1. Label 7 Å along Cα→Cβ of residue 76; segment 114-156 residues with amide nitrogen under 15 Å?
2. What order do you get for 76-87, 94-105 when each peptide is scored by the mean count of other beta carbon atoms within 10 Å, highest first?
3. Residue 140 to residue 110: extension gain in nm, 0.36 nm per residue of separation minus the Cα-Cα distance?
Amino acid sequence: MVLVGVSHRLGDNTNDNLTLPGTGSQNATDALSKSFPDQANGTSPIVLHVSNGKLTDSKYADAVNIDKLILRNGSSDNYSATNRVEQMHLVFVETGQTADVNVQDSPDPKTYTVKNGHGSARRPLHTIQIFITKQYPALQGVNQVAITELTFFQKK
């Protein structure tokens, strides 16, 4: 089951001035700030959504389990012109679980196993925060991190 597909470039034009007091997202951000203070504000939350109804509807009550991800690193039009992801820190907001993913420096799509990406009936996963904790430097060009594709999968 494919959950999310993204094409996103992160760089100097982002704003990390966001707080959501009392939410799971804020609790996860606060916990990461204690463990990785230099990287804690480099985040692009991914929110799971449905095309009909709401995630809280009973038909969506089953837990989502993230088992693998496919990442195509860098910019598809000029791979060496941007920084690329070397390591990501994933925070599964509803469960408070985390996972680190070490990424190969390759323009080709690569599949990675995701640990701790299982929700439960009581706490189904809806939000994944992604923190870029290490980067491969650009050989030339802008100081941005580029990800051409990021897709999360669940085993069936």
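1. 146-151
2. Top to bottom by mean Cβ count within 10 Å: 76-87, 94-105.
3. 8.4 nm
Taken together, the values in this text are just the output of simple stated rules run on the coordinates, not laboratory data. Fair warning: this is a prediction, and the values are worked out from it, not measured in the lab. In this analysis, Cβ positions are derived from the backbone assuming ideal geometry, glycine residues included, and neighbour counts consider all displayed protein chains.
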